[in-house]
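Here the structure is laid out as structure tokens; the discussion comes afterwards.
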Amino acid sequence: MVDATANGSSSSNVVLITGAAGWLGGILASELLSDPKTPNVKLILADIVEPKAPKGAKHALTFKADLTNPESISTLYDTEFGTPDTVYCFHGIMSRGSEDDFDLGLKVNIDSIRYMLEAARKRKTASGELIKFIFTSSLAVYGGPLPHVVDIHTIATPEGAYGMGKLSSELLVNEYSRRGFVDGRILRLPTIVVRPGVPSAATSAFISGIIREPLHGVEAICPVGNGLDSPELELAAWVASPEITIQNFVIAKHIPKEKFLPHTRVAYLPGFTTTVREELEALATVAGKDALKLVTFKDDPTNRRIVSSWPARFNNEYPLSLGFVVDQGGMVPIVQRFKDAVEAGLA
């Protein structure tokens with residue numbers, strides 16, 4: 001454990017983030033430092049490798065923790081900062097990783113979440129309120145025959161181990177909320193583009209990779225289709241930018257629980273539809289057609305089957321009514337921002 005605290009704060013804004021060594025958890029921790037609705041925030045950051053406290057954090061504890069161990073989880077709720085007001089439960093085994101190692105997926109994506117909920121159930125915040133438990137889920141909960149446009153009433157029927165694990169934990173968060181154990185919020189995330197860093201074990205990792213790698217001047221593997229003329233490039237995905245996604249994570253913390261539908265705490269985050277072809281066209285628009293020469297096609301039927309089972313079109317009306325925000329302008333501004341970040345040495 002590392003303590004990066006400084007004296008002088010009387011704030012009760014205590015936020016626990018698991019999976020905090022990951023990309024999204026790290027950015028969220030930084031974003032919370034500037035959130036005017038979370039002044040003097042105290043951060044508890046945990047992951048299987050010890051996270052780094054964000055730059056400028058005056059009050060941060062970092063832990064290397066076994067998040068499949070109930071005792072390890074309990075220590076995160078009982079630090080010197082007191083009981084967390086809000087928990088961002090971000091940790092998990094990604095889609096292809098869950099599919100390839102079923103037992104590990106069960107252990108991390110279901111059992112661990114139940115332990116997190118049990119720890120929250122046994123505690124109240126300093127003001128005597130329920131802990132806000134924000135759980136990041138996935139579009140992988142959907143599968144089978146779907147309407148052309150998914151809405152909040154569409155039934156989730158996953159066709160993969162990752163989606164099954166996420167849906168199982170969604171049901172737990174809903175039940176713990178219904179019983180008054182926690183104040184749950186479930187966020188079904190779009191595919192986030194463009195993710196910086198090395199490719200993850202997510203089945204959808206290529207959706208960022210075919211933009212990220214060429215902008216770094218290195219080869220990218222596209223597991224959909226066998227060339228730029230392949231009809232498989234019409235595969236569509238529901239996506240959002242990192243910037244908008246992080247904004248929505250912070251917004252989720254401040255939505256009154258009464259705004260959610262009475263029978264569920266699920267919300268899919270707003271996004272927009274793009275195809276693999278449209279991504280590549282945006283890459284060519286921003287970086288020139290030579291960038292496409294760095295994309296190598298190696299069709300992977302398993303990968304394509306999993307991604308194509310996820311819905312690609314959603315009705316944004318419900319999440320926007322909760323106060324969430326959405327990208328404007330499609331893929332080109334997202335690719336341009338990432339290119340600018342690469343050139344500035346920030347991605």
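Below, the figures for the structure above:
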| read-out | value |
| --- | --- |
| Distant-in-sequence amide H partners of ARG188 (H built 1.01 Å from N, under 5 Å) | SER137, ALA267, TYR268, LEU269 |
| Given 13 as the ceiling on other Cβ atoms within 10 Å, longest exposed-site-free region of the chain for trypsin sites (Lys or Arg not before Pro) in DSSP loops | 180-297 |
| Proximal aspartates and glutamates relative to LYS52, as straight alpha-carbon distance under 13 Å, when same-chain residues fewer than 8 apart are discounted | ASP3 |
| Diffusion coefficient, µm² s⁻¹, Stokes-Einstein with Kirkwood Rh over alpha-carbon pairs of region 13-189 at 10 °C and 1.306 mPa s | 96 |
| Centroid-to-centroid separation of region 182-223 and region 130-178 [C-alpha atoms, Å] | 20 |
| Loop-located GluC sites (Glu not before Pro) in region 73-169 whose Cβ has at most 12 other Cβ within 10 Å (DSSP) | GLU80, GLU129 |
| Options PHE181, THR191, SER127, ranked by Cα towards positive dipole end of region 116-196, top entry (Cβ charges) | SER127 |
| Cleavage-rule hits, GluC sites (Glu not before Pro), region 164-273, DSSP coil, Cβ neighbours within 10 Å at most 16 | GLU219 |
| Cβ-based charge dipole, region 13-189, positive-most Cα from GLY160, SER74, VAL15 | VAL15 |
| Charge context of GLU243, other residues only, Cβ under 11 angstrom, K/R +1, D/E -1 | -1 |
| Estimated dipole of the chain in Debye, rounded to 20 [Cβ of Lys and Arg +1, of Asp and Glu -1, Cα centre] | 860 |
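Only the coordinates and a few stated rules stand behind these numbers; no lab work does. Model, not experiment: these values are computed from the prediction. Cβ atoms come from the backbone with ideal geometry, glycine included; neighbour counts cover every protein chain shown.
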